[in-house]
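*Asks:* Okay, here's the structure, questions in a sec.
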Amino acid sequence: MTAEATTAKPVQIGGYTLREPGRLEKLVGPEWYRLLRGLVTNPLSVAGIILLTGFVLIALAAPILAPPISPRADPYNIPRDGFSPEPKPPGVEWRRNAPPVPFWYKTVTGKEQWVHLFGTASGQFDIYYGIVWGTRTALRVGILVVLSTLVIGLIVGSLSGYYGGVIDDVLQRITEIFMAFPFLLAALTLAAVLVPRMGRSLWPAVIALITFGWMTYARVIRGDILSVKERDFVLAARVLGAKDSRILLRHVLPNAVFSTMVLASLDIGAIVLSFAALSFLGVGTDIGYADWGQLIAFARAYILNLDQYWYIVLFPGLALLLFGLAWNLVGDALRDILDPKLRGVRG
Amino acid sequence: MTAYIIRRLLLLPITVTGVTLLIFAMMQVLSPVERSALYIRDIPKNDAQVERIIRQYGLDRPFVVQYWTWLVGTRNPETGQRVGGVLRGDLGYSRTGNQTVKELIAQRLPATVELALWSMIPIIGIGIWLGIQAAVHHNELPDQAARVFAIIGYSFPTFVFGLLVLMLLYAKTGWFPPGRLSDWADIVVKSADFKRYTHINTLDALLNLRFDVFLDALRHLFLPTITLCYIQWALLLKITRSSMLEAMRQDYVRTARAKGLSEKVVINRHVRKNALIPVATVGGLTVVGLLNGVVITETVFNYPGMGSALARAAASLDVVTTLGFVLFNATLLIVANLIVDILYAFLDPRVRYQ
């Protein structure tokens with residue numbers, strides 16, 4: 001970009017003045033600029049962004065917000081204050097096995113020793129600790145599953161869309177077969193099959209969510225590619241003698257999948273909700289792992305007197321709801337911005 | 001139209017074969033000893049017995065042979081009877097249900113059908129109505145309210161919503177209890193002079209003229225129905241709204257307005273009719289949503305249907321039951337999607353002539 005270009009007079013075409021791109025627009029490019037501007041001008045998505053930032057900060061600050069009992073212990077195992085099956089309400093003093101007191105604790109709560117800020121679940125697992133570290137679990141699972149499903153979707157979708165013919169037919173049929181299953185049921189089953197083989201950890205549920213989660217991306221990316229591969233610049237590349245792989249990776253994909261990638265990243269919310277559902281149903285992590293669905297599962301034993309044990313549902317449930325809400329608020333706004341049919345319509 | 005249906009039907013065997021293959025592949029994660037649970041009911045007395053079953057049913061044979069045996073069954077060499085074979089409806093023995101998977105499904109199906117039927121009517125009726133209202137009042141207050149309602153709806157984990165309504169409407173107030181019937185009603189239903197026509201409690205109660213039982217069944221159905229509805233409304237509202245908005249931008253709508261038709265006629269006759277075509281696909285999505293939803297909803301409300309049986313089987317790692325249920329549900333879904341596709345072609349001529 002030369003100096004003249006930035007200071008040039010606005011260009012006039014047929015009475016319309018072309019808008020001069022601002023500094024930010026030049027920095028991130030027109031596509032990202034349109035996205036960012038759409039996001040910050042919509043109050044709902046701003047609320048979503050604030051919530052998301054909050055969750056990321058909680059995840060990053062987990063060792064300060066809820067310090068592990070000892071540096072050697074696995075921080076994802078919720079510390080327990082004894083073994084009694086009776087849950088304890090918020091504010092009860094932490095007697096055994098209390099973690100070190102962090103610097104902010106006395107100023108915020110006014111107390112010298114740890115209390116169970118959000119109460120304990122059955123088995124005396126501290127709910128506050130579980131929610132704080134559960135934020136890390138949620139983000140880890142969400143990012144892992146979205147990246148993996150997106151990669152599978154990209155591979156299947158681009159092979160299918162670019163080569164067409166028999167490859168397309170076969171891959172399409174395979175996609176349809178995976179789509180014939182109700183998602184949650186299939187994931188539940190696969191996780192239940194994998195648990196005896198792999199033991200209880202994040203992995204069975206994560207693998208199950210990946211296995212039955214890639215199909216929509218494959219479909220959408222196939223469509224994206226079908227529309228891009230007929231364009232002139234692809235023909236030009238082919239005329240120049242570029243290899244298939246180069247055309248696909250350098251010319252077709254980058255132009256085809258921008259919006260798909262952006263939208264996929266926002267599925268993290270939905271994925272974490274599904275993961276929590278699997279945990280709630282008992283095919284997720286081991287009991288006592290810092291994971292929101294696992295915490296809420298403790299409430300299953302008390303469905304007849306939930307008014308007494310409300311804190312087992314309310315705090316982790318709220319965490320899960322706000323997490324899902326954050327991604328959906330941003331996602332909804334983005335979908336409107338990226339939807340070509342709605343372009344130009346003020347929403 | 002016929003050609004379209006035939007084309008659509010020709011794809012069916014491929015999907016069904018694929019589904020069974022995938023389920024069978026999931027089964028291969030298990031060892032032959034664990035897979036022998038498909039064919040035996042009692043805990044085997046010794047290793048030799050397990051060995052014999054594995055040999056008898058070919059559980060250590062190559063993948064293709066095993067798959068075939070699993071599909072069509074095999075002849076028991078001692079009794080000469082055919083055993084196994086998912087195509088014959090033999091899905092194995094359920095450890096958690098203490099009966100065959102087929103019997104378990106038959107026993108649990110009516111409860112789930114009852115719940116699904118009671119949910120379906122408000123889901124579709126109110127969901128579409130909300131979507132139309134939002135689109136007609138685009139960017140006005142009803143639209144904004146509907147959008148917030150929808151976003152919260154699909155951000156709400158089913159089990160959290162269920163537990164919260166249970167907390168408020170049962171634990172605090174005692175209004176709507178979990179389960180399927182109160183104890184007294186259960187005794188009435190199981191008594192000899194209560195005829196079970198359909199095993200759907202509300203319907204049977206009406207047919208037996210027991211309105212007290214009917215009301216009791218409704219009381220138990222209320223919370224799970226609300227839970228299933230809220231989550232589904234969000235989806236239906238969103239799809240109807242965007243479909244309506246798109247239809248409202250079409251040229252023929254402008255024409256209709258230009259020739260002076262009233263707004264009511266334009267919306268009812270021109271927009272809604274066309275906008276509801278894509279909404280028909282939601283029928284398929286609703287079935288998926290219900291199949292997924294009942295697993296969690298029934299578990300939360302202790303409702304004795306297929307969903308809670310599946311959840312229990314999965315949690316106790318009873319793989320035979322779980323896979324049997326998934327096969328059954330996948331088949332249901334394939335049939336539902338087929339019906340939706342044909343319906344869609346019937347509604348929209350453009351699909352037929354593709």
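*Asks:* Could you say which residue among B:L285, B:L347 is open to solvent by 20 Å² or more (accessible area, probe 1.4 Å) and within 14 Å of chain A (Cβ to nearest Cβ)?
*Replies:* Every option except B:L285 fails the conditions.
*Asks:* Would you mention how many residues in region A:195-235 are within 22 Å of B:I23 (Cα to Cα) and over 23 Å from the mean Cα position of the chain (by Cα)?
*Replies:* Here the count works out to 5.
*Asks:* Would you say B:I231 is β-branched (V, I, T) and open to solvent by 10 Å² or more (accessible area, probe 1.4 Å)?
*Replies:* For B:I231, the condition - β-branched (V, I, T) and open to solvent by 10 Å² or more (accessible area, probe 1.4 Å) - is met.
For every residue, the table says whether it meets (1) under 23 Å from B:L332 (Cα atoms); (2) surrounded by fewer than 19 Cβ atoms within 10 Å (Cβ to Cβ); (3) outside the structural domain of B:L115 (by TED's automatic domain parsing); (4) under 22 Å from the mean Cα position of the chain (by Cα).
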| position | (1), (2), (3), (4) |
| --- | --- |
| B:D212 | no, yes, no, no |
| B:F222 | no, yes, no, yes |
| B:T240 | no, no, no, yes |
| B:R272 | no, no, no, no |
| B:P278 | yes, yes, no, yes |
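*Asks:* Now, a different point. Just one of the numbered conditions (1) β-branched (V, I, T); (2) open to solvent by less than 60 Å² (accessible area, probe 1.4 Å); (3) outside the structural domain of B:L237 (by TED's automatic domain parsing) is not true of B:I132; which one?
*Replies:* (3)
Condition check ((1) more than 9 Å from chain B (Cβ to nearest Cβ); (2) open to solvent by 20 Å² or more (accessible area, probe 1.4 Å); (3) over 16 Å from B:V300 (Cβ atoms)) across all residues:
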{"position": "A:D286", "(1), (2), (3)": "yes, yes, yes"}
{"position": "A:Y289", "(1), (2), (3)": "yes, yes, yes"}
{"position": "A:A297", "(1), (2), (3)": "no, yes, no"}
{"position": "A:L304", "(1), (2), (3)": "no, yes, no"}
{"position": "A:Y311", "(1), (2), (3)": "yes, no, yes"}
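*Asks:* Enumerate the pairs (first residue in region B:20-34 and assigned by TED's automatic domain parsing to the domain that holds B:F325; second residue anywhere and open to solvent by less than 10 Å² (accessible area, probe 1.4 Å)) with beta-carbon separation below 6 Å, excluding pairs fewer than 6 apart on the same chain, so at least 6 apart or on different chains.
*Replies:* Listed by first residue and then by second, the contacts come to nothing, as the list is empty.
*Asks:* Oh, and also: When region A:56-72 is examined, which residues are found to be assigned to a loop (DSSP other than H, G, I, E, B) and open to solvent by 40 Å² or more (accessible area, probe 1.4 Å)?
*Replies:* A:I69, A:P71, A:R72
*Asks:* Out of all the residues in region B:142-162, is one or more over 23 Å from the mean Cα position of the chain (by Cα), in a helix (DSSP H, G or I) and more than 14 Å from chain A (Cβ to nearest Cβ)?
*Replies:* yes
*Asks:* Follow-up question, since we're still on this one. Quick check on region B:320-337: of everything there that is open to solvent by 10 Å² or more (accessible area, probe 1.4 Å) and in contact (Cβ under 8 Å) with a residue 12 or more places away in the chain, which residue is nearest to the other protein chains (Cβ to nearest Cβ)?
*Replies:* Ranking the qualifying residues of region B:320-337, first place goes to B:I334.
*Asks:* Within region A:189-246, how many residues turn out to be open to solvent by 20 Å² or more (accessible area, probe 1.4 Å), away from chain B (no Cβ under 13 Å), in a helix (DSSP H, G or I) and not aromatic (F, W, Y)?
*Replies:* The total comes to 16.
The values are calculated or read from the model by the stated rules, or taken from the named source; none is laboratory data. All values reported here derive from a predicted model rather than from experimental measurement. Quick reminder, even Gly has a Cβ in these numbers, built from the backbone with ideal geometry, and neighbours come from all protein chains shown. For accessibility, only protein heavy atoms count, side chains too; no ligands or nucleic acids. Shrake-Rupley method; radii C 1.70, N 1.55, O 1.52, S 1.80 Å.
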